[in-house]
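One structure is given below, encoded as C-alpha cells.
The values are calculated or read from the model by the stated rules, or taken from the named source; none is laboratory data. All values derive from a computational prediction rather than experimental measurement. Quick reminder, even Gly has a Cβ in these numbers, built from the backbone with ideal geometry, and neighbours come from all protein chains shown. Each accessible area value is taken on the protein alone, full model and side chains, heavy atoms only, with ligands, DNA and RNA left out. Shrake-Rupley method; radii C 1.70, N 1.55, O 1.52, S 1.80 Å.
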Amino acid sequence: MRSPRRRKRQASGFRKFITGLAIVLTGLTAAALILPGYIDWNRFKSVIESQAGKSLGRQVLIAGDIHFTLLPRPELSLEKISLPDAGDADTALLNLEKLDLRIGVLPLLSGKIQIKQFRLIAPRLNLVRDANGRGNWLLPGDMTAGAGKIRFDQISIAEGRMRYRDEASGADFALEQIEAQLSADTLHGPVTANGALRMQGVPLLFDVSLGALDVSPAQNPTPLRIKATLDGEGEIAYTGNITAGMNTAGTLRAVGKDLNHLTGALARLSGVFSPPAMPIARILAHPYSMESSLTFDARAVKLDKIRLRLADEALTANLKLERGEAGGFSFLLDAPALNLDALLGEDLARASDKAPAQEDAGANLTLPDISRLPQGRARFNLGDLQWKGGHIRNATLGLLLSGNEIRVEKLSAQLPGISSANISGVILGGESQPQFTGKLNLQTANLRGLAGWLGADLQTLPDRSLTNGSLSADFLVTPFQAEFQEINAEIDSSILTGALAFAFRDRLAIGADLQIDALNADNYFHLDANAPEKTAAPSAFDMNFSMLKPWMDCCDYNLKLSLDRAGYLGTPVEDMRLEASLLKGALVINHFSIANIAGSAVGLSGILSKITTEAEGEINFRLVSRNLSVLAQRAPFNLPLRSE
C-alpha cells in the first residue's frame, strides 16, 4: 500500500503536467490568433486576387495594402481595389478606395461565408448595358452556387458614386454622394437598402427591398419595392418585379403637395428642360397624385394608363419609349375637361406666387436643347379647356421630334366667339437659338366675342363693329423676336395685308408695315352725322394722347401704314399714308398725308414729346384745298379756321 505522501507527490506532478500542457496550448492558440496581425499579407496579394477573382467570376486587382487580424474578431481590410470590365479594358466596373469587412467564423465550418460587416469607402461603380441589352454587372452563370453561399448582414456605403450608360438608347446618368445601409442574404439577394444620394444635383432619399434574383437562363422575376423622396417633398413609389437582366414590370405611384416640386426635380434630372416658370408654375401649384403601370426591358420603357389628378382635375396619358437606333417614343395625353380658371385661382395659387424657387425659375428659364430630345411623336387632346371664363374645345397638339427639329404637325382648337385657330410649322434647333417657323390661320364669326374673351375693352365701340374676321400669316419666332409675314386679314368689310415684327427687349419694340384697302370708320365710332357741331372731335392743335399711355409706357413703335380709301360721316378719305416712330413717349412723324379729304390734300410732319401729359414740339402742317369751307365743315377734325 502506497503511502499518502507518495500519492501526494504523484498528483502534484500530474497537475504540473496538465498546467504546462494548457499553457503550451494556450500559447499556440494565442499565437495563431495574434500572429496574423504581424504577417505581411501583401506578400500573398496575388493569391488573394486570384481567389477573389474565382469567387466573383471576374478579375480582381488590389493596388493598396492588405490587413488581416483574428482578434478581437476576424477582420480584413483592402485598399484601392478595382474590378476591370471584361467587355471594355479601358473602363473598370468598380473602383474602390477601401474595403473593410468582418467575417463570421462558425459559418465557415459549414462551407458558407457570413459577412458580419461590409464597409465600402468611396466606391465608383460603372454600369453599362451593351447594344444587345446585356449588363456588365451580371455574374457568369456558373457563379450561381457560389454567390448563394455568401451572406451580408450589414453593408454600408460612404461617399459612393455610380454611373449608368445604355449604349442602345444613349442614356447616361450618374448618382453621387451615395450614403447607404444595406443587407443581403446572398450576392443575388434578397436585399434591403436605405439611404440618400444626389442625382443631377437633386437630393433623393430612398428605401429599397429586392427579392432573390434568378440568374439562371430563365431569369424568373423577383419582387422589387422602391420608395423615394425627391428634393425633400413628394413621394414616388414602385411596386413590382425585376429580373437579373434589369427587366421590370409593376406599378408606379407619386403623391405630393405641389406638382412644381416633382416637375422641377424631374426637369433637373433630365438635364434637358428647365423647371416650370409662370404661368405654368401657378397651374401646377396644387396637390397631386399619379398612378401608372410601368414596364422596362431592353427594347422599351412603357407607362400605360397614366392617371394624374391635379387638385380636382383629372388627366390620362400613355408613354412608350423605344430603345435602339431605330427607336423613339410615343406619348398620348387626353383630358376630357380641364378647368384652368380653378387651377389659376388666387387662393389656391397664392403659395406658388410666394415660392422663391418658382420666382427664380421664371427669371432663369432656359430653352431645351432640341438635339438632346429623344425622337418620337407626342399628341395632346383636350376636350373642354375652361380659361378666362370661356371654353376652348377640341384642342389638339401633334408633335414629331426628329434630329434637330420638332415638327408641329397640328395645333388646332375651337375658341370662344364661334372661332377656330390652326397652327403648323417646324421648330429648328442646332448650335444657334431655336426658331419656330410656320403658318397661322384664324377664323371667327364673332370677332367681338373673341376679342372680349381675350380681355379687350370694347365698350366704346358700337355693336355693329367687329362682327367677323379671318387671319392668315407666315411667322418666324425666336427667343429674341417674332415676325409675321404675308399677313392677309379681313375685319368686317376691310382687308388688311402686310407684315408685323416684335423685338423682345427691356421695352418691347413693335414694327408694322400694313395696308388697308377700305375702312368704314362710322362703324367704329358713336357719332351722329346730323349733329350741328363736331363736339366729339378734338382740335388738331389740342390733341390729348393720355388714353395711349399704357401702350407707350411698355413699348416702342415703328409704323408704316396706308389706307386706300375710307368714309367718315359721309366724307370720303382717299390715299392716307403714315410713317412714324414712337420711342419712349416721343412721337416722330416722318410723313403723314391724305391725298383727298373733302376735296383737299393734307400733309404733316414733326416731332412731339411728352405726348401723354403736355405735348410739346414742332409740327409742319401742309394743306392744299380748292374749298376750305367745305373741308372745315366735313373734316373729321377741327381746323384752326372759321368756316363760312
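Taking the stated definitions as given, is Gly398 surrounded by 16 or more Cβ atoms within 10 Å (Cβ to Cβ), modelled with pLDDT under 90 and closer than 24 Å to Leu340 by Cα?
Values: surrounded by 16 or more Cβ atoms within 10 Å (Cβ to Cβ): yes; modelled with pLDDT under 90: no; closer than 24 Å to Leu340 by Cα: yes.
Judged against the criteria, Gly398 is not a match.
Residue-wise test of (1) in contact with a helix residue (DSSP H, G or I) (Cβ under 9 Å, 6 or more places away or on another chain); (2) modelled with pLDDT of 75 or more; (3) of a type in the set (A, V, I, L, M).
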position: Arg73; (1), (2), (3): no, no, no
position: Leu78; (1), (2), (3): yes, yes, yes
position: Ser82; (1), (2), (3): no, yes, no
position: Ala86; (1), (2), (3): no, no, yes
position: Thr91; (1), (2), (3): no, no, no
position: Leu108; (1), (2), (3): no, no, yes
position: Gln114; (1), (2), (3): yes, yes, no
position: Asp142; (1), (2), (3): no, no, no
position: Phe152; (1), (2), (3): no, yes, no
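Just need a number here: residues in the stretch 434-484 that are touching a helix residue (DSSP H, G or I) at 6+ places or on another chain (Cβ under 8 Å) and without any contact (Cβ under 8 Å) to a residue 40 or more places away in the chain. Explain how you work it out, then say what you get.
We begin by selecting, within the stretch 434-484, every residue touching a helix residue (DSSP H, G or I) at 6+ places or on another chain (Cβ under 8 Å); these are 434, 444, 458, 461-469.
Next, from what is left, pick out any that are without any contact (Cβ under 8 Å) to a residue 40 or more places away in the chain: 444, 458, 463, 466-469.
Summing the residues that are touching a helix residue (DSSP H, G or I) at 6+ places or on another chain (Cβ under 8 Å) and without any contact (Cβ under 8 Å) to a residue 40 or more places away in the chain in the stretch 434-484 gives 7.
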task: Could you tell me which numbered condition Ser600 fails, if it satisfies all but one of (1) under 30 Å from Ile495 (Cβ atoms); (2) open to solvent by less than 60 Å² (accessible area, probe 1.4 Å); (3) at pLDDT 90 or above?
output: (3)
field: Failed item, numbered, when Val202 is tested on (1) in contact with a Ser or Thr (Cβ under 9 Å, 6 or more places away or on another chain); (2) modelled with pLDDT of 85 or more
entry: (1)
statement: Of (1) at negative phi; (2) modelled with pLDDT under 90; (3) open to solvent by less than 60 Å² (accessible area, probe 1.4 Å), Arg377 fails just (3)
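Let's see how each residue does on (1) farther than 25 Å from Met552 by Cβ; (2) open to solvent by 60 Å² or more (accessible area, probe 1.4 Å):
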position: Leu563; (1), (2): no, no
position: Thr571; (1), (2): yes, no
position: Leu583; (1), (2): no, yes
position: Asn590; (1), (2): no, yes
position: Ser609; (1), (2): no, no
Subset of the stretch 263-282 that is open to solvent by less than 30 Å² (accessible area, probe 1.4 Å) and at pLDDT 80 or above - its residue that is nearest to Leu340 (Cα to Cα): Ala281
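Look through Ser562, Ser581, Ser605 and report the one residue that is under 24 Å from Asn627 (Cα atoms), hydroxyl-bearing (Ser, Thr, Tyr), without any contact (Cβ under 8 Å) to a residue 60 or more places away in the chain and in a strand (DSSP E or B).
Details: Ser562 fails: under 24 Å from Asn627 (Cα atoms); Ser581 fails: under 24 Å from Asn627 (Cα atoms).
Answer to the check: Ser605.
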message: Can you confirm whether Leu385 is at pLDDT 90 or above and open to solvent by 30 Å² or more (accessible area, probe 1.4 Å)?
response: no
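Counting only residues that are aliphatic (A, V, I, L, M) and under 19 Å from the mean Cα position of the chain (by Cα), which one in the stretch 229-257 is modelled with the lowest pLDDT?
Going residue by residue through the stretch 229-257, those that are aliphatic (A, V, I, L, M) are 230, 236-237, 242, 244, 246, 249, 252, 254-255.
Now narrow it down to the ones that are under 19 Å from the mean Cα position of the chain (by Cα): 230, 236, 254-255.
Values: Leu230: 84, Ile236: 93, Ala254: 94, Val255: 94.
Among residues in the stretch 229-257 that are aliphatic (A, V, I, L, M) and under 19 Å from the mean Cα position of the chain (by Cα), the one modelled with the lowest pLDDT is Leu230.
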- request: Please verify whether the stretch 487-494 includes one or more residues that are under 27 Å from Leu428 (Cβ atoms), open to solvent by 50 Å² or more (accessible area, probe 1.4 Å) and modelled with pLDDT of 90 or more.
  value: yes
query: For the stretch 391-409, which residues satisfy the criterion of being within 28 Å of Arg448 (Cβ to Cβ) and free of Cβ contacts under 8 Å to residues at least 24 places away in the same chain?
result: Arg393, Asn394, Ala395, Thr396, Leu397
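Give the residue, chosen from Gly469, Gly417, Gly403, that is open to solvent by 30 Å² or more (accessible area, probe 1.4 Å) and not acidic (Asp, Glu). Spell out the reasoning first.
Values: Gly469 fails: open to solvent by 30 Å² or more (accessible area, probe 1.4 Å); Gly417 fails: open to solvent by 30 Å² or more (accessible area, probe 1.4 Å).
Going through Gly469, Gly417, Gly403 in turn, just one is open to solvent by 30 Å² or more (accessible area, probe 1.4 Å) and not acidic (Asp, Glu): Gly403.
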- line: Taking the stretch 611-644 and the residues there that are under 19 Å from Tyr557 (Cα atoms) and either hydroxyl-bearing (Ser, Thr, Tyr) or more than 58 Å from the chain's Cα centre (by Cα) (or both), the one that is modelled with the highest pLDDT would be Thr613
task: Mind listing just one residue for me: the one in the stretch 502-516 that is in a strand (DSSP E or B) and open to solvent by 40 Å² or more (accessible area, probe 1.4 Å) and, of those, nearest to Asp553 (Cα to Cα)?
output: Leu508
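Output the residues belonging to the stretch 418-434 that are part of a strand (DSSP E or B) and either under 16 Å from Leu401 (Cβ atoms) or among the acidic types (Asp, Glu) (or both). Outline the logic, then answer.
In the first step, residues of the stretch 418-434 are kept if they are part of a strand (DSSP E or B); the result is 419-428.
Within the stretch 418-434, Ser424, Gly425, Val426, Ile427, Leu428 meet the criteria.
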